[in-house]
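A quick write-up on the structure given underneath.
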Amino acid sequence: MSKIDEVKEILNTLRVWLSLIFGTVVVLTGTIFNKLENLELGTVFWISIIVDAVLIFGLMMITKNISKKTREIKDL
């Protein structure tokens, strides 16, 4: 496998993970707002907020890696 094919494969995998995590963030954020409207501010609510924040941080890291791999393809 050539270097460019390897980088493209990694880039595609990162894009799949980006889509999955983004979908999870959307659903989880909707659930958080639903719990907030119903004033269900228990443990699940706070854990959901923490998980949502971690996933958003993960989205930023994946986006950074996608940008890096895209530049790497340009250099090849």
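What chymotrypsin sites (Phe, Trp or Tyr not before Pro) in the stretch 30-76 are in a loop by DSSP, with at most 11 other Cβ atoms within 10 Å of the Cβ?
On the way: sites: 33, 45, 46, 57; in loops: none.
The qualifying sites: there are none.
If I stretch the segment between residue 66 and residue 54 completely, what's the gain in nm (0.36 nm per residue apart, minus their alpha carbon distance), one decimal?
Values: separation 12, 0.36 × 12 = 4.32 nm, distance 1.83 nm.
Extending this stretch completely gives an extra 2.5 nm.
Could you let me know the centre-to-centre spacing of the stretch 6-22 and the stretch 23-76, using Cα atoms, in angstrom?
Between the Cα centre of the stretch 6-22 and that of the stretch 23-76, the gap is 16 Å.
Between the helical axis of 3-37 and the dominant principal axis of the chain, each derived from Cα atoms, what acute angle in degrees is found, rounded to the nearest 10?
10 degrees
In nanometres, what is the gap between the two model label sites at residue 5 and residue 75, each 7 Å from Cα along Cα-to-Cβ?
Distance between the two pseudo-spin positions: 2.2 nm.
How far is it, in nm, from the label point at residue 17 to the one at residue 45 when both lie 7 Å from their Cα along the line to the Cβ?
Each label point is offset 7 Å from its Cα along the Cβ direction, giving 3.3 nm.
Each value in this text was obtained by applying a stated rule to the coordinates, not by laboratory testing. Model, not experiment: these values are computed from the prediction. Cβ coordinates were reconstructed from backbone atoms using ideal geometry, including for glycine residues, and neighbour counts include every protein chain displayed.
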